[in-house]
Amino acid sequence: MQTRSDVVVIGAGQAGLSAGYYLRRFGLEPDAGFMILDHAGGAGGAWQFRWPSLTLSTVNRVHDLPGMPFTDVLDGTAPAEVRAAEAVPRYFAEYERRFELPVHRPVHTRVVCDQAGDGLLTLETDSGTVTARGIINATGTWERPFIPRYPGAELFQGRQLHTRDYQNAAEFEGRHVVVVGGGISAVQLLDEISLVTSTTWVTRSVPQFREEPFTAEEGRAAVAVVEDRVRRGLPPGSVVSVTGLPVTPAIRAARARGALARLPMFSEITADGVRWADGTQRSADVILWCTGFRSSLDHLAPLRLRGPGGGITMTGRLATQVASDPRIHLLGYGPSASTIGANRGGRAAAAELIEHLGGTGR
């Protein structure tokens, strides 16, 4: 592996590959000009680890990477029959090959430091040390599942797991499952599990469902709300919290059979279930935490990018550039934390970073 590169992209998911495409298009040569470091053993980003029942018809949406339509790898197969964990990695692998992107894997970036001198950044990896003039961090969130702390969690005698650990609903048959969370994944898994066993759904706030189609204008408005937060140095909020949950045929069916009878968040966990503040209890065998993820940025900690409130102040055309250090762009943070946002953010980050380093950008 080259020990020095002008730009290092960390992560080869949607955002990292998009950034790599534009870096090459804007004139940087593979390896010496830019390289992509990916910790996984194969192509596919976080998609390769998704649960088996997630098909292209049930996933929220997979957007095309720039320059190559997703349909190129489908061969006319119906979306309902294609597992996302198989199709998306196949698509990403073909994309890397077609555009000759310099992806090095498996390479785990342990830490990034500002100690190389001459304005260079040092990346310490499990495959050696790399220095770079700029970094596009595209590590996403899959490596940092979030489970909130609740009193009594350590007493629970049943099974607790996160969305990241989910495989299929059949493993819960005959057990009562408490599903925690109000996002798209929570509703999808609640729907699946409620078909084979009894469930309880709890959320911190009342979920907002969208019966009508989501327009492009509403999408831009939702992203703008998240973008405003990171430009002010606040921790990014969820785009779904702004847009609401889309009502699909599966969700209508789940609602009809009573699976979407939501309860407010419990106050504590007991040995055999959960308890609310008014003393109401419910027995449970499983607690499934569909409580989201946090940005995987621990390797950037030595750079001290976070402000007092825990957020990182962002700037640039699409709020991908760290305000305190223009050598660093974050993709998958704030408004770029979606597949379509990753594409737009990849182009902006590549152009702005090349401009900052003395190139032209586009």
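The values are calculated or read from the model by the stated rules, or taken from the named source; none is laboratory data. All values reported here derive from a predicted model rather than from experimental measurement. Virtual Cβ from ideal backbone geometry, glycine too; neighbours counted across all protein chains shown.
Summary table below
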read-out	value
Exclusive hit being in contact with a Ser or Thr (Cβ under 8 Å, 6 or more places away or on another chain), loosely packed, with under 14 Cβ neighbours inside 10 Å and not hydrophobic (A, V, I, L, M, F, W, C), set Gly183, Gly219, Gly174	Gly174
Selection within region 184-204 - over 22 Å from the mean Cα position of the chain (by Cα) and closer than 24 Å to Gly334 by Cβ	none
Failed item, numbered, when Ala349 is tested on (1) surrounded by fewer than 22 Cβ atoms within 10 Å (Cβ to Cβ); (2) in contact (Cβ under 8 Å) with a residue 60 or more places away in the chain	(1)
Strands (runs of 3 or more DSSP E) lying entirely in region 105-152 (those with 1 or more residues that are in contact with a Pro (Cβ under 9 Å, 6 or more places away or on another chain) and acidic (Asp, Glu))	109-117
Options Glu227, Glu192: the member that is surrounded by 15 or more Cβ atoms within 10 Å (Cβ to Cβ), of a type in the set (Asp, Glu), in contact (Cβ under 8 Å) with a residue 12 or more places away in the chain and over 30 Å from Pro326 (Cβ atoms)	Glu192
Ile354 being among the β-branched types (Val, Ile, Thr), in contact with a strand residue (DSSP E or B) (Cβ under 6 Å, 6 or more places away or on another chain) and either under 17 Å from Leu23 (Cα atoms) or outside the structural domain of Gly16 (by TED's automatic domain parsing) (or both)	no
Tally, over region 106-125, of residues that are at pLDDT below 95 and of a type in the set (D, E, K, R)	2
So Ala342, is it modelled with pLDDT under 95, crowded, with 23+ Cβ neighbours inside 10 Å and not assigned by TED's automatic domain parsing to the domain that holds Leu190	yes
Any chance Ile328 is outside the structural domain of Gln167 (by TED's automatic domain parsing), modelled with pLDDT of 95 or more and surrounded by 18 or more Cβ atoms within 10 Å (Cβ to Cβ)	yes
Count of residues meeting criterion [touching a Gly at 6+ places or on another chain (Cβ under 6 Å) and crowded, with 16+ Cβ neighbours inside 10 Å] in region 92-116	2
